[in-house]
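Following: one structure in structure tokens, then a few remarks.
Values quoted throughout were computed directly from the atomic coordinates according to the rules given, and no laboratory measurement underlies them. Worth saying up front: this structure is predicted, and the values here are computed from it rather than measured. Backbone-built Cβ (ideal geometry, glycine too); neighbour counts: all protein chains shown.
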Amino acid sequence: ADDLLVLPAASFIGTLADPNNPLSVNGVAIPLADKWVLLPSEQAEIAAATEAFNQIIEATAAQAGLALVDANSLLNQLANGGITSGDFTLTSSLVVGSAFSLDGIHPTARGYALIANE
């Protein structure tokens, strides 16, 4: 129940494992292979690696005297209630959240503006 699907799984789920058998639907009748699923232990490894990389990036930017946008923190804010400016709140909710485009990955114009203003 805590597993996550990797983004490329969207193009695989629902396809037929056997084109001659309409009951061989991948991800429905046929279980997904490990490469399509992130287990909680794998998610924890990714989170730890992300944190380590972010610390290296932050230290390197500080040492060089560069400005840094903490994109990880910004994305967490969007996912956990959103970011409000005036009467408008941007969230990570697809379509209605206004931060991300319909592909769910790239920011909208408002999302890019938020990043630029950070």
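General observations
- For the chain, the antiparallel share of DSSP beta bridges with both residues in that region comes to about 80%.
- Fully extended contour minus Cα-Cα distance, from Ala116 to Ser93, at 0.36 nm per residue: 6.3 nm
- Shown for the chain is the translational diffusion coefficient from the Stokes-Einstein equation, using the Kirkwood radius over Cα pairs, a temperature of 20 °C and a viscosity of 1.002 mPa s: 124 µm²/s.
- Sites Glu51 and Ser24 - FRET efficiency at Förster radius 35 Å, r taken between beta-carbons, to 0.05: 0.30
- Neighbours of Asn72, meaning other residues whose beta-carbon lies under 15 angstrom from its beta-carbon, give a summed charge of -4 when Lys and Arg score +1 and Asp and Glu score -1.
- In a reduced charge model with +1 at each Lys and Arg Cβ and -1 at each Asp and Glu Cβ, the chain shows a dipole moment near 300 debye about its Cα centre.
- Length added when fully stretched, Ala17-Leu102, from 0.36 nm per residue minus Cα-Cα: 27.8 nm
- Taking the inverse of the mean reciprocal distance over all distinct Cα pairs, the Kirkwood hydrodynamic radius of segment 51-118 comes to 12.9 Å.
- The calculated 222 nm mean residue ellipticity attributable to helices in the chain amounts to -12000 deg cm²/dmol, summing -39500 (n - 2.57) over DSSP H runs of n ≥ 4 and dividing by all residues.
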